[in-house]
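Each remark here refers to the structure printed beneath this line.
The values are calculated or read from the model by the stated rules, or taken from the named source; none is laboratory data. As the structure is a computational prediction, the values presented were derived from the model and not from experiment. With ideal geometry, Cβ positions are generated from the backbone for all residues, glycine too; neighbour counts draw on all protein chains shown.
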Amino acid sequence: MKTKGERKKSVLPRDENPYRILQSQLKYICRKNQIDEYQRQVLEKPYRELSCVLPIKGLNGGTKVLSGHAIVHRGPKKRILGGIIFDPGVYLDWLKAKALGVHLQARLLRIPFEFLLVGIKYREDFLSSFEQLKLEDSLQESIFSCLGSHNKLLRVKPFRTGDISGSYLSTKCLAKLIELIKAYKYPNKERIRITSDLGNDLTNGILKQLPEDKFAVLPTKNGYSQLVDVFILTEKKVSMLNARRIRTHTIIEGRNGIITPEAQLILAEREIEIIPDIVVSAPNLIQFYTEWLTHNSYCHLGRKEIQRKSLQLVTDLFRDVWSYSRENSISIKTSAYSLAVHRSIQTTDTQLKEVDKNFWSGSYAD
Amino acid sequence: MLINDGLLGTTTGLHFDCEVTFAGAIDFCTEKINRDREEAIQLLRQEDSSAHSYFRYGLAHQISRYIGSLSNNFKGIYIHGSSVENSSGPASDIDLIILTTKKVEELELLLTTLSGELEFYYNQLLGTKFFGDDYTGFLDVQLVDESDIKSRRGYGAVLTSVHYAPIKIWEPDNSDKNLST
């Protein structure tokens with residue numbers, strides 16, 4: 001019989017477990033900023049956590065069984081923003097890391113929502129489209145009633161590529177973020193060189209938004225051997241085994257690209273800056289947020305206005321994180337998490353709603 | 001261990017394994033107290049201070065080798081406190097001092113992670129939760145640089161203290177100090 005530790009290890013080695021990496025990050029930030037242990041625990045642990053088995057009756061009369069999890073982080077009551085992830089790689093700690101990441105991100109952006117993230121272990125070919133619709137209905141009924149929410153969830157693309165190259169708005173926001181990195185980090189450089197671990201498939205979407213005279217996009221196959229200014233990490237794992245071989249000055253960390261604490265130490269000694277996923281995938285959350293507001297008829301802004309405000313949100317976020325990092329002589333990653341933790345602890349629900357209301361300048365009605 | 005990372009290249013390297021580290025520390029403890037493995041674990045569970053001190057010393061030695069392998073900036077790792085005074089209990093931490101040329105905050109993050117991992121395995125080994133979520137850490141590591149030693153500031157003063165001299169358990173020229181207390 002397997003022990004608790006062995007069972008965990010069979011899912012993923014503990015040092016690669018994204019939830020544990022995030023927990024350590026928080027523990028370190030809280031200790032550094034002298035934040036009470038109980039506050040860290042409230043922040044870190046999900047408010048509600050549910051694991052379930054979902055039997056789906058197929059068209060041919062047979063029953064297919066899926067398993068999944070749902071995680072909720074505490075926020076202003078009765079305002080749930082969330083999504084369903086269908087992915088074959090879903091497991092509890094992975095989903096917990098995603099949910100905690102989104103929760104911190106929302107606090108960093110001051111977006112006032114409680115977060116519900118549902119992950120279903122699922123392969124594309126397992127269900128027909130009709131069965132999939134049925135599953136979503138069943139989720140609305142079962143999981144939502146258990147968790148006490150009746151809001152309609154948005155369907156999220158699997159985070160595999162969705163984190164970085166998402167919709168039009170999030171792509172636009174991410175392109176803006178790269179422009180900001182250039183403006184803040186390389187103010188005197190005319191043209192910076194970028195590559196990513198997914199290569200041109202990824203860069204096609206995002207980097208097309210960037211002016212060619214200021215950004216040179218290098219293809220993946222040459223990305224490793226050439227020195228670049230910015231390396232977009234989306235899928236790969238950077239551990240102590242390969243951290244010394246990356247030739248770049250800045251790493252943009254996607255949500256699926258894991259950088260282990262050992263690798264972070266090596267990269268820091270090589271003076272390679274990490275722009276953390278909490279900042280990088282902010283555009284996705286903004287996209288989520290605008291969709292939710294539009295869906296629930298709270299927001300009647302036009303597309304261009306939403307885009308302008310979202311880009312402003314990204315600019316403010318990066319400026320805040322950057323200046324906090326320089327003022328306190330800390331890395332961008334530590335700065336982003338410190339700000340998220342501070343904002344999470346210091347801002348009350350009422351203040352959050354006020355920020356929200358001001359941001360959408362009267363178009364929001366709660 | 002070989003890892004093919006595609007774009008990032010194929011490379012080899014060290015890897016910290018808590019289970020192996022704990023097994024090594026128990027072996028060291030077993031040897032020192034002259035008992036078999038089961039008896040050593042039993043003594044640890046019975047809160048025997050000698051067993052806990054030897055166990056922690058063995059653990060510290062292996063952790064130091066691992067930490068030392070991560071950076072060229074480390075000039076020495078020292079152990080002090082209850083582990084070398086033969087007064088460790090089940091809830092004692094391991095006190096280390098790292099002499100480094102450059103203090104990097106990411107090292108503290110790594111040590112926080114490492115401490116969490118060690119707590120998890122330690123709780124499993126003893127079958128009791130000695131370290132809860134609110135515990136400050138299984139590892140108490142202080143970073144010291146040359147300027148701290150020169151100005152006798154903080155733990156820099158401890159390193160040069162005549163009355164409270166820590167034991168050097170790792171230095172960078174691959175000649176790890178012998179395991180002895």
(message) Is it the case, given these coordinates, that A:Glu354 is away from chain B (no Cβ under 14 Å) and modelled with pLDDT of 90 or more?
(response) no
(message) If the requirement is being at pLDDT 85 or above, within 15 Å of the chain's Cα centre (by Cα) and under 30 Å from B:Gln46 (Cα atoms), which of these qualifies: B:Leu118, B:Leu125, B:Leu143?
(response) B:Leu118
(request) Only residues that are of a type outside the set (Lys, Arg) and either buried (at least 21 other Cβ atoms within 10 Å of the Cβ) or on the phi > 0 side of the Ramachandran plot (or both): list them for the stretch B:46-61, please. (result) B:Glu47, B:Ala51, B:His52, B:Ser53, B:Tyr54, B:Phe55, B:Tyr57, B:Gly58, B:Leu59, B:Ala60, B:His61
(request) For the stretch A:51-71, indicate whether the set of residues that are modelled with pLDDT under 85, in a loop (DSSP other than H, G, I, E, B), surrounded by fewer than 18 Cβ atoms within 10 Å (Cβ to Cβ) and within 14 Å of another protein chain (Cβ to nearest Cβ) is non-empty. (result) no
(request) Would you mind stating whether B:Ser82 is under 15 Å from the mean Cα position of the chain (by Cα), at pLDDT below 90, more than 9 Å from every other protein chain (Cβ to nearest Cβ) and surrounded by 17 or more Cβ atoms within 10 Å (Cβ to Cβ)? (result) yes
(message) Within the stretch B:137-166, take every residue that is in contact with a Lys or Arg (Cβ under 8 Å, 6 or more places away or on another chain) and touching a residue at least 12 places away in the same chain (Cβ under 8 Å) and give me the one that is farthest from the other protein chains (Cβ to nearest Cβ).
(response) B:Gly156
(message) Restricting to the stretch A:264-275, give me the number of residues that are more than 9 Å from chain B (Cβ to nearest Cβ) and either under 24 Å from B:Tyr66 (Cβ atoms) or surrounded by fewer than 24 Cβ atoms within 10 Å (Cβ to Cβ) (or both).
(response) 5
(message) Residues to consider are A:Gly257, A:Gly199, A:Gly223, A:Gly205; find the one that is modelled with pLDDT under 85 and at positive phi.
(response) A:Gly199
(request) Please work out if B:Glu108 is within 14 Å of another protein chain (Cβ to nearest Cβ) and either surrounded by 20 or more Cβ atoms within 10 Å (Cβ to Cβ) or not in a loop (DSSP other than H, G, I, E, B) (or both). (result) yes
(message) Report every pair of residues separated by at least 6 positions or lying on different chains whose Cβ atoms are under 7 Å apart, first residue within the stretch A:46-59 and closer than 13 Å to A:Tyr122 by Cα, second assigned to a loop (DSSP other than H, G, I, E, B).
(response) A:Ile56/A:Leu127
